[in-house]
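Readers should treat all values here as calculations from the given coordinates under stated rules, not as data from a laboratory. As the structure is a computational prediction, the values presented were derived from the model and not from experiment. Backbone-built Cβ (ideal geometry, glycine too); neighbour counts: all protein chains shown.
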Amino acid sequence: MLKTIKNLLKNKLTKNMKVEIINITQRPLEGEIIPIECIKIKKYFKKPRKTKIKEKEEYFNKHGYFRSTIILNKNNVLLDGYTTYLLAKEQGYKSITILRNK
């Protein structure tokens, strides 16, 4: 289907127009999007190992999204995904997709 769309667009474009097709099927769109500053971190989270941060950062740089999901409770308290949260903040994210623990 993506090839069909590209071919249709090619026929409609003028010389000065460019179209970028983004494949959003690489990662499903799940969860809800919230401002990153709304996430509450409990003191029991410890700084992750440098190797873990480096692995997740390399994955993000290669694929353009985080491999791990941030999971929050109903009060926006982080339950899982602390390293992803840290990397998102480091990358300058203002909001992020999260899942709720029910």
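Taking a threshold of 18 Å on the Cα-Cα distance, which of the pairs Lys43/Lys102; Lys62/Lys94; Lys47/Lys102; Lys40/Lys89; Lys56/Lys89; Lys46/Lys94 fall above it?
Pairs exceeding 18 Å: Lys43/Lys102; Lys62/Lys94; Lys47/Lys102; Lys46/Lys94.
Over the stretch 30-100, what per residue volume does the convex hull of the Cα atoms give, in whole Å³?
Taking the convex hull of the Cα positions in the stretch 30-100, it is 81 Å³ per residue.
In debye to the nearest 20, how big a dipole does the stretch 30-100 give about its Cα centre with +1 on each Lys and Arg Cβ and -1 on each Asp and Glu Cβ? Please list the in-between numbers first.
Numbers: 16 positive and 8 negative charges, 87 e Å.
Its charge dipole is roughly 420 debye.
What is the spin-label model distance, in nm, from Ser95 to Lys46 if the labels are put 7 Å beyond Cα along the C-beta direction?
3.5 nm
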